[in-house]
Protein chains: 2
Amino acid sequence: MLVPEGYLFSAVEVGIKYRKRPDLGLIYSESPATWAGVFTRNDFKAAPVLIGKERLRTRETARAILVNSGCANACTGREGLVDAERLLSSLAEILGVSPGEILPASTGVIGTRLPVERMKAHFEALVSGLSPDKAPLVARAMMTTDTFPKVVSRSIPGTKASILGLAKGAGMIAPNMATMLAFVLTDAGLPATELRRGLPEAVAVSFNRITVDGDTSTNDTVYLLANSRAGELPQESWPLFWETLTEVCRELAYLIVKDGEGATKIVRIRVEGAESPEAAERLARAVADSPLVKTAFFGEDPNWGRILVALGKLGLGLEPEGVEVFINEVPLVSRGRGLPEEAAHREMTRPEFTVRIKLSQGSASAEIMTCDLSYEYVKINAEYRT
Amino acid sequence: MLVPEGYLFSAVEVGIKYRKRPDLGLIYSESPATWAGVFTRNDFKAAPVLIGKERLRTRETARAILVNSGCANACTGREGLVDAERLLSSLAEILGVSPGEILPASTGVIGTRLPVERMKAHFEALVSGLSPDKAPLVARAMMTTDTFPKVVSRSIPGTKASILGLAKGAGMIAPNMATMLAFVLTDAGLPATELRRGLPEAVAVSFNRITVDGDTSTNDTVYLLANSRAGELPQESWPLFWETLTEVCRELAYLIVKDGEGATKIVRIRVEGAESPEAAERLARAVADSPLVKTAFFGEDPNWGRILVALGKLGLGLEPEGVEVFINEVPLVSRGRGLPEEAAHREMTRPEFTVRIKLSQGSASAEIMTCDLSYEYVKINAEYRT
């Protein structure tokens, strides 16, 4: 794992909800970092999202990210905002920075208040534990129903700079980043305006292209920090920076689907030959979110009828004769008609496969990554709180 | 069970897919009946739907409905159309009617051809078995993953006429009638134009207000026949007719949700105070189709956070402070904030309950009936074909 220069990490166990694992994490940049953020579009934005959005309007640089699991601080009204601000002020004092330089993020149960005093009591230990090698521990402190921490790093080719990404998320994923947090750190230097221009684009083709259950949460947040410890990045290298960053985001998104609640399969739904990119994406999502298709994936059943039903329900005027479906390279539907399914079934026994849908309406395409729907999904979500 | 005058029923076991139960049914009207039909909006319409729609364009009266389970005759191309037409011609000859007077309906696996010769070999027995008391047998012959036949009847107050409805459907239900068949028969007499005006309205507030898994199938069909055996209905009684018919459709829709694949709970999602009827319906559907909400229902968990997430994800500009949620009469969320959950949990232990969501955006309301998402749903749908 490459860790970009000038970032320190720490995590402690407060016991907000979970026991015997860290649930409060801190990322600290030794010098001010330009930053960007992308947030959930859900009407009910959690307190940390409201604060993050406000910081985005008023601040070009940040010094730290404070994250907790076990409590989303969502639907907590004015009190939730006050709770978060109190935490940030208290931490800012210990870190010797301004509260406005700390970006908050929370994930967990909706509608419960943060145990502010209990959290504050751990701040000294949190700060004194800061070190460059604890990024995986912070990734662990972000976990809720996740079964493994998600950390990805890449060097930016031709530079000394690198990018490190941490993420969490296993359910409520889609369509616009659900109970999903991702923090991407680089020691490259770029202006805040450029970070804020590019991050939504990178998110659109990575985190926003995955779906676990079609729900979008109150807390989804992606933060990107660039502290320039490896020097300002010359403008001609920006495209390469975004390419590398998008790779990191895609890899994190892949890990999130891989850890999808109860998932046993990762499935890429690729639609080609659609009328427009929007139509391609809607069709891919319709297949990726269909419970009937997802349970068929779990059963390794090449039930192409359900795929066609999902495509057809949008009423986009598809012609049966113009539809081809492949599982990986194996044809399953030709001109709207089913082919022998043995070989396709064998492809579906793999842990990952691609459903490629070729239409004849145009030349637009889109890909959505999804997972299957298993007994375990029901178990996790029926029992999550009670 | 009231059976309207002049209708005969029969069903036989062909073994199309299922064994030891009838899978081919016939409804016969002793005199020509005016009729109406409402069909799936899925792009991939099954052969019987294409034929039914064509009949609707060209014929005002019908004499019979032929229905089979086990094979949807969907995605079967031109051959599927020819198969269905051959069946109808052969049956018409035995019944002594025109093929254009028989309405077809199929349900079952997509992409397989009907065993035409085997089915034809049973037509003599099918016709000779016709009797007024076999409506439940036809309802049984329509079943796929259904666990019980669905039959509802009502008399039309102040008249000698009655209405009988048969339906099937347990999965792929929503948003515009999925693998769902319903046949509604009356001995009242009404002109075809009136039947065709009113049926879509009745369907909109009954079958189109239920959801099991958000998918819409290739085969959804509602047929309404009126054979006037109890006399022409005077125009002033038409509103009463539609009221009674809508009740029959609502009751059938209720039975379909009750038999939702793996369902253990029936839940009515009622949204009030929305900006428009469309917004109210979209919001109610967003809650009714959320896998996270549906698994919480299964777990009897008053997880109001998930309900708010589902409402908020549409981005309709809801304000947290303007949201109230009740489980039956028990308040669960007030001004966007959670209340103690004990009493709400107790309501959720019942087999049926209502989630009432009060917004403050306007005065429009909508109700969608849904069910929970259980282990059994996954089991049924992972194993349906294989």
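The table for this structure:
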| item | result |
| --- | --- |
| Answer from A:Val49, A:Val38 - the residue that is under 19 Å from A:Glu85 (Cβ atoms), touching a strand residue (DSSP E or B) at 6+ places or on another chain (Cβ under 8 Å) and either modelled with pLDDT of 95 or more or not in a loop (DSSP other than H, G, I, E, B) (or both) | A:Val49 |
| Index of the failed condition, B:Pro200 passing every other in (1) touching a Ser or Thr at 6+ places or on another chain (Cβ under 8 Å); (2) modelled with pLDDT of 90 or more; (3) closer than 30 Å to A:Pro320 by Cβ | (1) |
| Selection count where residues are surrounded by 24 or more Cβ atoms within 10 Å (Cβ to Cβ) and more than 26 Å from B:Met143 (Cβ to Cβ), scope the range B:262-284 | 6 |
| Some residue of the range A:96-103 being part of a loop (DSSP other than H, G, I, E, B) and crowded, with 20+ Cβ neighbours inside 10 Å | no |
| Some residue of the range B:285-293 being facing chain A (nearest Cβ under 7 Å), surrounded by fewer than 24 Cβ atoms within 10 Å (Cβ to Cβ) and either over 26 Å from the mean Cα position of the chain (by Cα) or assigned to a helix (DSSP H, G or I) (or both) | no |
| Matching entry among A:Gly100, A:Gly158, A:Gly111 (being of a type in the set (Gly, Ala, Ser) and within 26 Å of A:Arg59 (Cβ to Cβ)) | A:Gly100 |
| Counted residues, the range A:56-83 - those being outside any strand (DSSP E or B) and under 22 Å from the mean Cα position of the chain (by Cα) | 5 |
| Enumeration of residues in the range B:45-79 that are within 14 Å of chain A (Cβ to nearest Cβ) and of a type in the set (Lys, Arg) | B:Lys45, B:Arg78 |
| Any helices (runs of 4 or more DSSP H) falling wholly within the range B:298-386 and containing at least 2 residues that are surrounded by fewer than 21 Cβ atoms within 10 Å (Cβ to Cβ) and free of Cβ contacts under 8 Å to residues at least 60 places away in the same chain | B:342-348 |
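Every residue, every condition in (1) in contact with a Ser or Thr (Cβ under 9 Å, 6 or more places away or on another chain); (2) away from chain A (no Cβ under 14 Å); (3) under 30 Å from B:Glu300 (Cα atoms), yes or no:
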site	(1), (2), (3)
B:Phe183	yes, yes, no
B:Leu195	yes, yes, no
B:Ser206	yes, yes, yes
B:Tyr223	no, yes, no
B:Ala230	yes, yes, no
B:Pro239	no, yes, no
B:Arg270	yes, yes, yes
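Okay, residues lined up against (1) within 23 Å of B:Asn42 (Cβ to Cβ); (2) surrounded by fewer than 20 Cβ atoms within 10 Å (Cβ to Cβ); (3) under 16 Å from the mean Cα position of the chain (by Cα):
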| residue | (1), (2), (3) |
| --- | --- |
| B:Pro191 | no, yes, no |
| B:Leu195 | no, no, no |
| B:Ala202 | yes, no, yes |
| B:Val222 | yes, no, yes |
| B:Leu240 | no, yes, no |
| B:Cys249 | yes, no, yes |
| B:Leu252 | yes, no, yes |
| B:Gly260 | yes, no, yes |
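Residue-by-condition table, conditions (1) within 29 Å of B:Leu255 (Cβ to Cβ); (2) among the acidic types (Asp, Glu); (3) within 13 Å of chain A (Cβ to nearest Cβ):
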site	(1), (2), (3)
B:Asn328	yes, no, no
B:Ala343	no, no, no
B:Met348	yes, no, yes
B:Lys358	yes, no, no
B:Ala364	yes, no, no
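The values are calculated or read from the model by the stated rules, or taken from the named source; none is laboratory data. In this text, all values refer to a predicted model and were calculated from it rather than measured experimentally. Cβ coordinates were reconstructed from backbone atoms using ideal geometry, including for glycine residues, and neighbour counts include every protein chain displayed.
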